[in-house]
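Below is one structure, written out as structure tokens; comments come after it.
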Amino acid sequence: MFHFVNVFFVDISLSFFDNLNSMVRKRIGLQLNSLISGYNIDVFNATEAVCRQKGYDLTVFEGGVEYGSPATRQQQFIYKHINGRNIDGLIITSGYYKAIENDIKSDSEKQLPSVPQIAIAETKEGEPYIYSEFEENFIAMIDHMVTVHGCRVFNIVSGLESNTDSRRRMKICLATLAKHGIRVEKKRLYIGGFTEEGGFNALNYYVKHDLLPTDCIICLNDDMAVGLIDYAVALNYNVPEDFRVIGFDDSAHSEFNHVTITSVGGNLRQFAAKAVDCIEQMWQGKFIPSQIKIPSLVKYRKSCGCVDAEDFETDYMDKDGKPVPYSYSTIQFMHQQYFRLDHDIVLVQKFFERQVRPMTIREFVPELTRWLPKLHIRSCAIVLFKNKIHVENTAAFELPDYAELLLVYEEGVKHQNDIVSFNPQECLYPENFFTDRRITAFVRTLYYNNFIYGYMVYAPENLPTPLLDTTYSMISHVFSSSAFYTEKLVAESHQHLMMEQLEKTNSQLAGISQTDELTKLYNRRGLFNLGQESINFTVDMGKKGLVFYADMDGLKRINDTYGHDAGDQAIVGMALMLRKSFRSHDIIARLGGDEFVIVSAGVDFSFVPKVKERIKESCEEWYMETHSLFRLSISIGAVEFSEENKNLEELLSQADKVLYEEKARKHTRSSAKE
């Protein structure tokens, strides 16, 4: 069972469950891959502004990208919360979400109430989506590069082949260039994946394959254009002197990049307003057409050479060649963003630097609570599942039906100090967790490697959009480290208790059927019962150990020379030496005759020479103290047990072979001395 600590409630007056079933405002959901791209940031800003204007709550579900990190499946887990119990309408920004929706959700989750949905990316056939009528302006932009700037050699950086928008844009590119008699060589096409890193990788590819200089590089979205231009500057290329660059989407990045980017796109504020308007119409049962068109604009900027590099007043040249200046409000907004971003980056960095020491979950909660207002997070909930979930494929499990609130924080509000549990299949968090004020909340998975612990719901305010993902990543990282550290301490405590119990059990078992009568060590039965149990427990704790197979040297000679009573004394003496040399919780057994077996948990092969030296010294002490007529010695073979090799019977067979080799070496050395 996965329990760290009791729930923490911070700054809390109102009853948590007052008017539990009431919903004061409608809640719009926004599906995003991530907030690390300029386009997605612009989509979020536009949607948030529209929802704020209309008085709707906004809940953002960030689920990773199709070409993302190995943790993409863990991030996509959050999409399981997209249903009619948590939101009243959904805006979809990625056709990929619709492609994986059925794979992510279990059969029972698919039966949950659906919500009105509208996409601002082309999705499944027949489902409504809003699109920019960009084709005419996109063609005009490419024509412009050929006719105005005289470009004849083109490189093209696309998105993934599976992306519908990318395929459509590529088709238009090639057809438009073909109209001018220009054929793009296959080697000049690069799949960049719609990320800044994709643009960086594209330029690296062009340099490596000697595909520069070129006349123009067409990037099928602005993020790739930004990454490509940044890397070009680092490599001492000049844009547009060495080559021109054009993008697509007209994101804020294209407008404010140090080399502003020629681009085409629709007004995202219009997209967001239309999306919310469509959801409102669906609430009223009105018909929504399958395709809704938003006009686009083409903007010629510095990256194609239409705006001078030293001109900081002109935003872009329009299709008629007229300069359009930056508005005063835009300049003021950028100044505010710059100074806020500069200040808040320092705060986020300080938060992360302060968390370098290991801490438990109990220590993490008050530490995070202290930092939340500094990080501009006005409300936050951390939800933990009863048991953490091992994830290989998010479709392999259903959303758990039990969760507890580890942390509840809301600026200026007090809640009563009770543990709050709820069913996350029925709600994202208990109603009235946030007080009656409009909020924008983000929902993100809390995970470590392939394990999902729960999720985090947080509502930032006045936090620069580029830092939203960074702040989450920092908090998530610290939480994951704390969760791992807490589990480690719990496991070590459990192991200590088990070792104590094992020692107690070892003591209690002395003198019964699992004990060798002569030596009082475990016999074969005791070995296979307790030895295998010790191996299994060690492996379950994620550790390894050694199995020793030992054979006394010269016992037959002692029996033949001094009699069997002397042989028994030698066996008993060797048993004492083994007990003295190994640890108290090691399993030591006599199989019969002169053969012994020892199971040692939590050690590696560096332990072997140490224990051999101990045995040798103990045997010499025994000889001197007993004034025996003979000396004791023993040959030992050791093998390692692990998750892949933990069957005691097989381990004994392996150790016996090592023992045979050890005795052969001893015999060889003895013969050499003679």
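Numbers at a glance
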read-out: Any chance Ile156 is in contact with a Leu (Cβ under 6 Å, 6 or more places away or on another chain), closer than 23 Å to Cys306 by Cα and either aliphatic (A, V, I, L, M) or open to solvent by 40 Å² or more (accessible area, probe 1.4 Å) (or both); value: yes
read-out: Filter result for Ala202 (outside any helix (DSSP H, G or I) and open to solvent by less than 20 Å² (accessible area, probe 1.4 Å)); value: no
read-out: Scan of region 209-232 for residues that are open to solvent by less than 10 Å² (accessible area, probe 1.4 Å), more than 23 Å from Thr164 (Cβ to Cβ) and out of contact with any strand residue (DSSP E or B) (no Cβ under 7 Å at 6 or more places or on another chain), ordered by number; value: Ala232
read-out: Condition broken by Tyr453, with the remaining ones in (1) in a strand (DSSP E or B); (2) modelled with pLDDT under 85 satisfied; value: (2)
read-out: Top-ranked residue in region 401-421 [being under 23 Å from the mean Cα position of the chain (by Cα) and open to solvent by less than 10 Å² (accessible area, probe 1.4 Å); ranked as modelled with the highest pLDDT]; value: Ala403
read-out: Qualifying residue in region 508-527 (condition: touching a Gly at 6+ places or on another chain (Cβ under 9 Å), charged (D, E, K, R) and assigned to a loop (DSSP other than H, G, I, E, B)); value: yes
read-out: Selected residue (only one of Val608, Val599 is within 11 Å of Phe548 (Cα to Cα) and in contact with a helix residue (DSSP H, G or I) (Cβ under 6 Å, 6 or more places away or on another chain)); value: Val599
read-out: Yes/no for Glu185 being over 16 Å from Leu220 (Cα atoms), of a type in the set (D, E, K, R), modelled with pLDDT of 90 or more and open to solvent by 50 Å² or more (accessible area, probe 1.4 Å); value: yes
read-out: Residue in region 264-275 that is assigned to a loop (DSSP other than H, G, I, E, B), within 30 Å of Gly55 (Cα to Cα), open to solvent by 30 Å² or more (accessible area, probe 1.4 Å) and not acidic (Asp, Glu) present; value: yes
read-out: Test for Ser303: is it part of a helix (DSSP H, G or I), buried (at least 18 other Cβ atoms within 10 Å of the Cβ), at pLDDT below 95 and on the phi < 0 side of the Ramachandran plot; value: no
read-out: Unmet criterion (only one of (1) more than 37 Å from the chain's Cα centre (by Cα); (2) in a helix (DSSP H, G or I); (3) buried (at least 20 other Cβ atoms within 10 Å of the Cβ)) for Cys151; value: (2)
read-out: Filter pass, Ile142 being modelled with pLDDT of 95 or more, β-branched (Val, Ile, Thr), crowded, with 18+ Cβ neighbours inside 10 Å and part of a helix (DSSP H, G or I); value: yes
read-out: Selection within region 276-291 - of a type outside the set (Gly, Ala, Ser) and open to solvent by 20 Å² or more (accessible area, probe 1.4 Å); value: Asp277, Glu280, Gln281, Met282, Trp283, Gln284, Lys286, Phe287, Ile288, Pro289, Gln291
read-out: Qualifying positions in region 233-247 - under 23 Å from Thr465 (Cα atoms) and open to solvent by 10 Å² or more (accessible area, probe 1.4 Å); value: none
read-out: Residue in region 120-147 that is farthest from Thr47 (Cα to Cα), counting only those that are aliphatic (A, V, I, L, M), out of contact with any Asp or Glu (no Cβ under 7 Å at 6 or more places or on another chain) and free of Cβ contacts under 8 Å to residues at least 60 places away in the same chain; value: Val146
read-out: Inter-residue pairs, beta-carbon under 8 Å, first more than 14 Å from Met141 (Cβ to Cβ) and in region 169-185, second charged (D, E, K, R), 6+ apart; value: Ile182/Arg152
read-out: Residue in region 276-299 that is modelled with pLDDT of 95 or more, under 38 Å from the mean Cα position of the chain (by Cα) and hydroxyl-bearing (Ser, Thr, Tyr) present; value: no
read-out: Some residue of region 37-52 being at pLDDT below 80, open to solvent by 10 Å² or more (accessible area, probe 1.4 Å) and within 17 Å of Leu268 (Cβ to Cβ); value: yes
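Residue by residue, here is whether (1) closer than 19 Å to Glu640 by Cβ; (2) among the hydrophobic types (A, V, I, L, M, F, W, C) holds:
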position: Leu546; (1), (2): yes, yes
position: Ala566; (1), (2): no, yes
position: Ala570; (1), (2): no, yes
position: Met574; (1), (2): no, yes
position: Arg579; (1), (2): no, no
position: Asp586; (1), (2): yes, no
position: Leu591; (1), (2): no, yes
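Residues are listed down the side, and each one gets a yes or a no for (1) in a helix (DSSP H, G or I); (2) open to solvent by less than 60 Å² (accessible area, probe 1.4 Å); (3) basic (Lys, Arg):
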position	(1), (2), (3)
Leu467	yes, yes, no
Thr471	yes, yes, no
Ser476	yes, yes, no
Phe479	yes, yes, no
Thr486	yes, yes, no
Met498	yes, no, no
Ile535	yes, yes, no
Leu546	no, yes, no
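The values are calculated or read from the model by the stated rules, or taken from the named source; none is laboratory data. Predicted model, so just to flag it, every value in this text is computed and none were measured. Quick reminder, even Gly has a Cβ in these numbers, built from the backbone with ideal geometry, and neighbours come from all protein chains shown. Ligands, DNA and RNA are excluded from the accessible area calculation, which covers all protein heavy atoms including side chains. Shrake-Rupley method; radii C 1.70, N 1.55, O 1.52, S 1.80 Å.
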